[in-house]
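The values are calculated or read from the model by the stated rules, or taken from the named source; none is laboratory data. Please read all numbers here as calculations on a predicted model, not as lab measurements. Every residue, glycine as well, gets a Cβ built from its backbone with ideal geometry; the counts of neighbours run over all protein chains shown.
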Amino acid sequence: MLVSVDGKISTGSTDERDFDKDLPNIKGVAEGLQQYYELEKQTDYYSFNTGRVMAKVGWNSEKADIKKIEVRFVIVDNKPHLTERGVKNLLRFTEKLFIVTSNTQHPAYSVKDDNLEILSYENKIDFRDLFQQLKSKGADKVTIQSGGEMNTELMRAGLIDSVSLVVAPIMVGGSNTSSLLDGRSLEADEDLKLLRPLELISADKLSSSYLHLQYKVLK
């Protein structure tokens, strides 16, 4: 994932603010941004994200030219954030689309496509069960590129094995701006078991003051 030096994954607290939208316009950061996008292309065959992120980056908008990629998308979307057009756009973009939801009125149910599979949960999504299902479908590795709250849920559930970060040379700040890990703050002593120590695997200095850090998550 792309993060600022202070751990932010967006330039602000609203959906109008976004790294992909804003960083190309900031001198001193824009020059090295392409390095992140090149690394991002090395995603695993299965890529995990959320409907909110997909909506934020514009997949609900009308798109005339969509080039299909050889990646399977797993999108968690309960609200829903994705519209029917968004689902259809993603089907044109990905080899196979999994919509994971507990919302029985999700627009994906109105879409008929052999490359669409809906993984439904009655109340709350069981992410351990979800990843077991994905493994049974051939997902030995999954790249996670979701928002801060989802990252935290998966990390605390012990479902993340490694972390790959591209650190952009910028400080963002803002208590309400999304960070790499958001969600509920820890308070009690027993909460400390949810912390996940990391072992540094590599630290590469990229051009234009960017860094690429890779960690193993210690269980």
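From the list R184, R128, exactly one residue is among the basic types (K, R) and at pLDDT 95 or above. Which is it? So that I can check it myself, show each step before the final result.
Working: R184 fails: at pLDDT 95 or above.
Of R184, R128, the one residue that is among the basic types (K, R) and at pLDDT 95 or above is R128.
List the residue pairs whose Cβ atoms are under 8 Å apart, where the first residue sits in the range 20-36 and is assigned by TED's automatic domain parsing to the domain that holds S207 and free of Cβ contacts under 8 Å to residues at least 60 places away in the same chain, the second is assigned to a helix (DSSP H, G or I) and aliphatic (A, V, I, L, M), and the two are 6 or more positions apart or on different chains.
P24/A30; P24/L33; A30/L23
Could you please find all residues in the range 11-23 being touching a strand residue (DSSP E or B) at 6+ places or on another chain (Cβ under 9 Å) and surrounded by fewer than 16 Cβ atoms within 10 Å (Cβ to Cβ)?
To start, the set of residues in the range 11-23 that are touching a strand residue (DSSP E or B) at 6+ places or on another chain (Cβ under 9 Å) comprises 11, 19-20, 23.
Scanning the range 11-23 gives a single hit, D20.
Tell me whether the range 15-27 contains one or more residues that are under 16 Å from F93 (Cα atoms) and of a type in the set (F, W, Y).
Taking the range 15-27 and keeping what is under 16 Å from F93 (Cα atoms), we get none.
No, there is no match, as no residue in the range 15-27 is under 16 Å from F93 (Cα atoms) and of a type in the set (F, W, Y).
To keep it simple, each residue is scored yes or no on (1) farther than 24 Å from Y215 by Cα; (2) surrounded by fewer than 19 Cβ atoms within 10 Å (Cβ to Cβ); (3) small (G, A, S); (4) modelled with pLDDT under 95.
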residue	(1), (2), (3), (4)
I9	no, no, no, no
N25	yes, yes, no, no
G32	no, yes, yes, no
T50	no, no, no, no
D65	yes, yes, no, yes
V74	no, no, no, no
T83	yes, yes, no, no
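Residues that are exposed (fewer than 13 other Cβ atoms within 10 Å of the Cβ): list the strands (runs of 3 or more DSSP E) wholly contained in the range 102-219 that include at least 3 such residues.
On the way: elements: 116-120, 142-144, 162-168, 198-205, 211-217.
Output list reads 198-205.
Which members of the range 124-170 meet the condition of being polar (S, T, N, Q) and under 19 Å from R52 (Cα atoms)?
Kept after step one, since they are polar (S, T, N, Q), are these residues of the range 124-170: 132-133, 136, 143, 145-146, 151-152, 162, 164.
Within the range 124-170, T143, Q145, S146, N151, T152 meet the criteria.
Please work out if N103 is in contact with a strand residue (DSSP E or B) (Cβ under 7 Å, 6 or more places away or on another chain) and either assigned by TED's automatic domain parsing to the domain that holds F19 or farther than 28 Å from V163 by Cβ (or both).
Numbers: in contact with a strand residue (DSSP E or B) (Cβ under 7 Å, 6 or more places away or on another chain): no; either assigned by TED's automatic domain parsing to the domain that holds F19 or farther than 28 Å from V163 by Cβ (or both): yes.
No.
Which one is nearest to the chain's Cα centre (by Cα) among residues in the range 66-101 that are among the charged types (D, E, K, R) and part of a loop (DSSP other than H, G, I, E, B)? Give the derivation first.
Restricting attention to the range 66-101, the residues satisfying the condition of being among the charged types (D, E, K, R) are 67-68, 70, 72, 77, 79, 84-85, 88, 92, 95-96.
After this cut, where a residue has to be part of a loop (DSSP other than H, G, I, E, B) as well, the list is 67-68, 70, 77, 79, 95.
Details: K67: 20, K68: 19, E70: 18, D77: 12, K79: 17, E95: 18 Å.
The residue in question is D77.
Does the range 137-148 include one or more residues that are more than 19 Å from the chain's Cα centre (by Cα), over 14 Å from V76 (Cα atoms) and not assigned by TED's automatic domain parsing to the domain that holds V217?
Taking the range 137-148 first, the residues more than 19 Å from the chain's Cα centre (by Cα) are 137-138.
Add one more test, that the residue is over 14 Å from V76 (Cα atoms), and what stays is 137-138.
Cutting the leftovers down to not assigned by TED's automatic domain parsing to the domain that holds V217 gives us 137-138.
Yes, there is a match, as at least one residue in the range 137-148 is more than 19 Å from the chain's Cα centre (by Cα), over 14 Å from V76 (Cα atoms) and not assigned by TED's automatic domain parsing to the domain that holds V217.
Taking interchain pairs and intrachain pairs at least six residues apart, which have beta carbon atoms under 8 angstrom, with the first residue in the range 191-213 and of a type in the set (S, T, N, Q) and the second at pLDDT 95 or above and assigned to a strand (DSSP E or B)?
Here the result reads S202/H212; S202/L213; S202/Q214, each pair linking the range 191-213 to a residue that is at pLDDT 95 or above and assigned to a strand (DSSP E or B).
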